[in-house]
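**Q** One structure is given below, represented as structure tokens, and several questions about it will come after.
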Amino acid sequence: MAKITFIQHNGTEIIANGVAGMTVMETAVKHQVPGIDADCGGACACATCHIYIEPEWREKVGARNPMEEDMLDFAFDVRDNSRLSCQIKVSDALDGLRVKVPEKQF
Amino acid sequence: MADVINTDVVIIGAGPCGLFTVFELGLLDIRCHVLDILDRPGGQCAELYPEKPIYDIPALPLVTGAELTSRLMEQAKPFKPEFHFNQMVTSLVKCGDNDFELKTDGDLVFNCKVVVIAAGGGSFMPKKPPIPGIEAYEGLSVFYSVKKMEAFRGKDVLIIGGGDSALDWVNNLQPIANSMTLLHRRDEFRAAPDSVNKMRELVAEGKMQLKIGQVTGLTGANGVLASAHVKGADGTMSEVTCNTMLPFFGLTMKLGPVADWGLNLHENLISVDTEKFETNVPGIFAVGDINTYPGKLKLILSGFHEAALMAQQAFRYINPGERLLFQYTTSSTNLQKKLGVA
């Protein structure tokens, strides 16, 4: 079990319990976190589960994979800490993870 | 106004379920026209994951989206479906007792007895980047597709993106544009290597500009663009002078005009029964990912099943009073003749 905090664009925080093996995207969808659209359902084919990893967590979460890097071309306002949440697997090591949700996916 | 095309059935959507509907209707001697907003068959299989393997098609342990599409096209071929690509259905209305009139944004008009909506996740539409104030320029100086190249002659064009659409239009429009700038968030491109090389040659020859960064805002007045504000990879801001902008951020699926046809919807899906997969409007059916009913699974194989059952009821509408004989393709010479194998 890993607690994941989704920080909305307006500052509201939603805390969700992630189960190891699930993705951060699935955790968000299960907890109905606004701003995570996940149109393609996790196939890394749409870039509508774009999130920003809080600085202190970037190293633990790790780097983008090449497919994800390509797909981020379809996101808006991509930053150094941008990730697609469907490509991050929840694990105990990510307990306490904090991520920001963009104003809107597009 | 174009001539009206009269046909038994119009299928909206040329994805896997739409294509298999052609086959099931064909076995019952019903001919169809198939419309799709994309420029080719396959739907999501063609647009989203042509190369990705699919593992849950019965009897095909592994098939790619592109291969599944080409196999379904082959299976439908004996029934000579007529395809109309790049067409979005804009209106669907009942006319007379038993007919529907269907119009597209490409000015096609159909008159038919049965409509099958096999539109998957809805219409593929270009993704519109949420740049503040972009709406004021859309259709005037910001475009999401190129309908006529001539419209870009003499313009200062800014193209955004790193895929095939962006690179193709950079290379095609550069000779007629007054100036051409390509903006992409990184110096790596997903487009075909040939088009990337061609673009790099144009840059080397000083015929166009390549900028790495992302658009954050626009300047202009009355819908006429003057410049785009660009944030570079290192965070520095700069301006690109342009009076025309073409953002290519891929496609997204939207339900679109389907919502306006008087059909019962449930969470943006079309409600159908599980015997005939018919909507609340008799004669309009929905199969595949776009429909919903208790226990619905969004699987390609579910859509195939739905198409077979739906075809039975379509036969009754098209041939009122005629007896529908159930036959197997393995044993029926009649069916085998239709398939061109007997």
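We did not get these values from a lab; they are worked out from the coordinates using the rules stated. Computed from a predicted structure; not experimentally measured. Note that we place each Cβ from the backbone using ideal geometry, even for glycine, and neighbour counts take in every protein chain shown.
**Q** Name the residue, out of B:Ser302, B:Ser238, B:Ser70, whose mean-square fluctuation peaks in a Gaussian network model built on chain B with Cα pairs under 10 Å.
**A** Most flexible of the set in this elastic network: B:Ser238.
**Q** Enumerate the calculated ³J(HN,Hα) couplings along the stretch B:105-117 in order (Karplus 6.51 cos²θ - 1.76 cosθ + 1.60, θ = phi - 60°), each rounded to whole Hz, writing x wherever the residue is Gly or Pro.
**A** Result, rounded to whole Hz: 6, x, 6, 8, 10, 10, 10, 8, 8, 9, 10, 10, 8.
**Q** For chain A, calculate the relative contact order in percent as a whole number, restricting contacts to Cα pairs under 8 Å that are 6 or more residues apart.
**A** 42 percent
**Q** Return the calculated 222 nm mean residue ellipticity for the protein assembly as shown, to the nearest 500 deg cm²/dmol, obtained by summing -39500 (n - 2.57) across DSSP H runs with n ≥ 4 and dividing by the residue count.
**A** Counting only the DSSP helices, I get -6000 deg cm²/dmol.
**Q** Rounded to whole Å, give me the distance from the Cα center of the stretch B:144-163 to that of the stretch B:232-305.
**A** 27 Å
**Q** Please give the Cα centre distance for the stretch A:1-70 versus the stretch B:50-76, rounded to the nearest Å.
**A** A separation of 31 Å, based on Cα centres.
**Q** Related question: What do you get for the angle between helix B:16-27 and the principal long axis of chain B? Use alpha-carbon atoms, 0 to 90 degrees, nearest ten.
**A** 30 degrees
**Q** Treating only the Cβ of Lys, Arg, Asp and Glu as charged (+1, +1, -1, -1), what charge dipole size does the stretch B:263-342 show about its Cα centre? Round to the nearest 20 debye.
**A** The dipole of the stretch B:263-342 has a size of about 340 debye.
**Q** Sticking with this one: Fewest Cβ neighbours within 10 Å first, please rank A:Tyr52, B:Tyr328 accordingly.
**A** B:Tyr328, A:Tyr52
**Q** Take every residue in peptide A:74-83, count the Cβ atoms of other chains within 10 Å of its Cβ, and give the average of those counts.
**A** 5
**Q** Moving on to the next point. More than 24 angstrom separation, counting every C-alpha pair in chain B; what % is that?
**A** Tail of P(r) above 24 Å: 61 percent of Cα pairs.
**Q** OK, next. Amide H to amide H, which residues 5 or more places from A:Arg98 or on other chains are under 5 Å from it, using H placed in the peptide plane?
**A** A:Thr5, A:Glu54
**Q** I've got another one for you. Under 25 Å Cα to Cα from B:Lys337, which lysines show up? Leave out anything in the same chain fewer than 8 places away.
**A** Those lysines meeting the cut-off are B:Lys77, B:Lys80.
**Q** Arranged by the count of other C-beta atoms within 10 angstrom, fewest first, what order do A:Cys46, A:Cys40 take?
**A** Neighbour counts put them in this order, fewest first: A:Cys40, A:Cys46.
**Q** Could I ask something else about it? Through the Karplus equation 6.51 cos²θ - 1.76 cosθ + 1.60, θ set to phi - 60°, convert the phi angles of the stretch B:287-300 into ³J(HN,Hα) values in whole Hz; use x for Gly and Pro.
**A** Rounded to whole hertz, the list is 10, x, 4, 7, 9, 9, 6, x, x, 4, 10, 7, 10, 4.
**Q** With r defined as the distance between the Cβ atoms of B:Thr330 and A:Asn65 and R0 fixed at 45 Å, what FRET efficiency is calculated, to the nearest 0.05?
**A** It comes to 0.45.
**Q** Next question. On a 19 Å Cα-Cα criterion, which of the cross-link pairs A:Lys104/B:Lys254; A:Lys60/B:Lys52; B:Lys211/B:Lys231; A:Lys104/B:Lys298; B:Lys113/B:Lys298 come out too long?
**A** Too far apart for the 19 Å limit: A:Lys60/B:Lys52; A:Lys104/B:Lys298; B:Lys113/B:Lys298.
**Q** Which of B:Ala311, B:Ala286, B:Ala192 moves most in a GNM of chain B, Cα contacts under 10 Å?
**A** Of B:Ala311, B:Ala286, B:Ala192, the Gaussian network model singles out B:Ala192 as fluctuating most.
**Q** Further question: Rank the residues B:Val203, A:Val24, B:Val240 as a footprinting-exposure proxy: fewest other Cβ atoms within 10 Å of their Cβ go first.
**A** Listed from fewest to most nearby Cβ atoms, that is B:Val203, B:Val240, A:Val24.
**Q** Karplus couplings for the stretch A:17-32 from phi (6.51 cos²θ - 1.76 cosθ + 1.60, θ = phi - 60°), rounded to Hz, Gly and Pro as x?
**A** Going residue by residue, I get 8, x, 9, 3, x, 6, 9, 4, 4, 4, 4, 5, 5, 4, 9, 6 Hz, with x marking Gly and Pro.
**Q** Roughly how big is the stretch B:1-68's charge dipole about its Cα centre, with Cβ charges of +1 (Lys, Arg) and -1 (Asp, Glu), in debye to the nearest 20?
**A** Its charge dipole is roughly 60 debye.
**Q** List the relative contact order of chain B as a percent without decimals, with contacts defined as Cα pairs under 8 Å and 6+ residues apart.
**A** Reported relative contact order: 19 percent.
**Q** Still on this structure, please answer the following. Skipping prolines and chain starts, which residues have an amide H placed within reach, meaning under 5 Å, of the one on B:Leu218, given they are 5 or more residues away or on another chain?
**A** Amide H to amide H, under 5 Å and 5 or more residues apart or across chains, B:Leu218 pairs with B:His229.
**Q** Any idea what angle helix B:164-173 forms with the longest principal axis of chain B, computed on alpha-carbon atoms, 0 to 90 degrees, nearest 10?
**A** That helix lies at roughly 60 degrees to the long axis.
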